1. Within region 163-196, name every residue whose backbone N is under 11 Å away from a label modeled 7 Å from Cα of Ile119 along the Cβ vector.
2. Using modelled amide H (1.01 Å from N, peptide plane; none on Pro or chain starts), what sits under 5 Å from the amide H of Asp89, excluding residues fewer than 5 places away?
3. Averaging over every viewing direction, what projected area does the convex hull of the Cα atoms of region 26-69 cover, in nm²?
4. Using modelled backbone amide H atoms (1.01 Å from N, in-plane), which distant-in-sequence or interchain residues come within less than 5 Å of Leu120's amide H?
5. Taking K and R as +1 and D and E as -1, what net charge do the other residues with C-beta under 15 Å from the C-beta of Ser181 add up to?
Amino acid sequence: MKTGACVVGLLGILGFSGILQAQERVPPERRGFQLALRTGYSVPLGNTALGTKLSDTTGGQVPLIVDVGAKLIPELFLGGYFGFGIGGDAGDVQRLCNMNGGGCVSADVIAGIEAQYQILPGGSADPWLGYGVGIESIALSTGSNDNNSVTYTGWQFARLSGGVDFRLTRTFGIGPFADLSLGKYSSITQGPISATLANQEQHEWLTIGARFVFFP
């Protein structure tokens with residue numbers, strides 16, 4: 001009995017010490033500078049303009065999004081985002097581009113400000129939610145020279161995001177994220193000519209991928 005009690009007690013001590021060591025390995029919550037890189041796949045939704053679906057203008061894209069700013073408190077990140085996505089044309093734009101012998105590539109640029117709420121900033125897994133606003137510009141190749149390219153520009157009035165950061169060390173974390181942006185293109189440029197876009201419609205980009213965060 002005494003031997004069994006000693007064994008149980010020893011196992012209990014070892015288990016408790018293991019829990020303490022695991023807790024010690026979790027990086028403490030922090031404030032200050034933070035940088036994150038996000039990439040994955042973006043799906044176009046909604047309309048470029050009235051009667052024209054965004055998915056009939058551009059195909060899906062592979063983005064690279066940078067979040068840079070600071071955690072004023074462990075739970076709150078404030079900063080900005082900048083992103084670049086590249087993919088192919090689609091629909092009538094792709095057919096026109098093929099006829100003109102172009103590269104048939106679409107490129108999207110975004111920039112704005114954002115806030116993120118870190119739900120468990122001291123945990124090994126830290127879920128977060130974000131909101132941002134900014135601008136967006138997408139260029140579509142419709143031929144083999146610059147005068148055949150078309151660029152749409154407008155506001156992103158909501159960029160909703162969320163994910164989980166697995167905080168591996170004090171300086172690095174990784175995890176999945178999802179991002180839904182809502183916006184409207186307000187101007188169109190073709191070659192040297194720019195004009196206000198009539199019949200403006202809402203469009204969205206849905207992005208799913210991985211986030212690599214520095215100083216989580």
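Only the coordinates and a few stated rules stand behind these numbers; no lab work does. Note that the coordinates shown come from a computational prediction; the quantities given were computed from them, not determined experimentally. Neighbour counts run over all protein chains shown; Cβ positions are idealised from the backbone, glycine included.
1. Only 163-165 fall inside the zone, counting backbone N under 11 Å.
2. So Asp89 has HN proximity to Gly59, Val105, Ser106.
3. On the way: hull surface 20.2 nm².
Result: a mean projected hull area of 5.1 nm².
4. Residues meeting the amide H criterion: none.
5. Numbers: positive: Arg38, Arg159, Lys184; negative: Asp67, Asp108, Glu114, Glu136, Asp179, Glu201, Glu204.
After counting each charged neighbour, the total is -4.
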